[in-house]
Amino acid sequence: SSRHWGPIYVKVNEAGFFQLFYEKGLEKPFREFKLEANHELSDPKLQNYDENGRLHTIRIDRVLYKEKRKYQPMPLVSHVGEREQVVKLGTTDYVDFISLISTIQDVLFRLPATVDLSSVHQNYIEEEITVDIKDEFRGVVSKGEGQLLEHSVVIHVHVLSFISGMADCRMGLNDILIKGNEVVSRHDIMPITTAKWVRLHECQFHSSVDEDAFHSSRTVLFTPPDACRFELMRFRTLFSEKTLPFSLRSMACVRGAEVELQSWLVMSSSFSSNKDSLSQVPCEGITVRHPVPPEWVNYFRRDGVL
């Protein structure tokens, strides 16, 4: 195969164009494309790079969602996305990697809401709307005691909808500013109450949202783009727990050419979601990243494993 990694310089301009240069300082990119509403970021991955380590990689995909019918073993309607890779990028610098992802997310979030005239009269066999909420927590803890020194909590709300015609949607949040003034629809047979309220800070919205309606009613009113996953809103909030859900302790021991690295992950019994054994949510996909000098990489290698 002729596929191989090569050094490039990446730039995203204010107009939303993604530009690739062979080196920094050149005026003309060797490739350029505009970020569009049907572009999505893949999940970040680690990939083998060379004898010195691995590469943090991410893809920008063009995703087209369609409604499909299956008849075996029984009639079934599903909404699936067909992905086509636009570009794949990688770097050994994790800080640059996170910065790149954040920049692309910001550009996609601020794209104007457009209407595909070919889908205005789309009639779906089964209408569906999916809301995906992601909590992004970043923190700095002290050495030794592991006390939380700094933290940032950003909530990202994504929506994917398959609704016939251009329908207005409303979404309510457990916003502390409406506590005591909740409105329950008469169609709700079993009204749902919440005991946990969130204070929203620095709310930002997709261009499909009626911001005036939100500020007056604290309800998110929006007209979702058809068959397109997009970030509806994002906001900051405070970390209300007294302790972190778990703590991490690491120890490195060097004996000549032998390096031993150990880590202990300890769950906190006082964290709210850890108290009730019936409502506990397992922690999955935990990754512990240790900065390792390039000279040490070979010490950690085993047969078939980095």
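Residues that are under 21 Å from the mean Cα position of the chain (by Cα), of a type outside the set (Gly, Ala, Ser) and at pLDDT below 95: find the strands (runs of 3 or more DSSP E) completely inside segment 35-118 holding 3 or more of those.
Once the strands (runs of 3 or more DSSP E) in segment 35-118 are filtered for at least 3 residues that are under 21 Å from the mean Cα position of the chain (by Cα), of a type outside the set (Gly, Ala, Ser) and at pLDDT below 95, what remains is 45-50, 53-70, 76-91.
State yes or no: is VAL266 over 27 Å from the mean Cα position of the chain (by Cα), of a type in the set (Val, Ile, Thr) and in a strand (DSSP E or B)? Judged against the criteria, VAL266 is not a match.
Determine whether segment 273-284 contains at least one residue that is basic (Lys, Arg) and in the same structural domain as LEU200 (by TED's automatic domain parsing). No, segment 273-284 contains no residue that is basic (Lys, Arg) and in the same structural domain as LEU200 (by TED's automatic domain parsing). Among strands (runs of 3 or more DSSP E) entirely within segment 120-233, having at least 1 residues that are surrounded by 12 or more Cβ atoms within 10 Å (Cβ to Cβ) and modelled with pLDDT under 90 singles out 128-141, 148-162.
A count restricted to segment 22-50 and to residues that are closer than 22 Å to ARG62 by Cβ and touching a strand residue (DSSP E or B) at 6+ places or on another chain (Cβ under 7 Å) stands at 16. Among the residues of segment 19-33, not a single one is more than 30 Å from PRO225 (Cα to Cα), assigned to a strand (DSSP E or B) and under 22 Å from the mean Cα position of the chain (by Cα).
Does VAL63 satisfy the criteria of being touching a residue at least 24 places away in the same chain (Cβ under 8 Å), surrounded by 12 or more Cβ atoms within 10 Å (Cβ to Cβ), under 20 Å from GLN19 (Cβ atoms) and not small (Gly, Ala, Ser)?
no
Applying a threshold of 9 Å to beta carbon distances and a minimum spacing of six or more residues, or different chains, the list of pairs starting in segment 139-152 at a residue that is free of Cβ contacts under 8 Å to residues at least 40 places away in the same chain and ending at one that is among the acidic types (Asp, Glu) reads VAL140/GLU150.
Could you list, in sequence order, all residues of segment 272-306 that are assigned to a loop (DSSP other than H, G, I, E, B) and modelled with pLDDT under 75?
ASP276, SER277, LEU278, SER279, GLN280, VAL281, PRO282, CYS283, ARG301, ASP303, GLY304, LEU306
The values are calculated or read from the model by the stated rules, or taken from the named source; none is laboratory data. A quick note: this is a predicted structure, and the numbers were derived from the prediction, not measured. In this analysis, Cβ positions are derived from the backbone assuming ideal geometry, glycine residues included, and neighbour counts consider all displayed protein chains.
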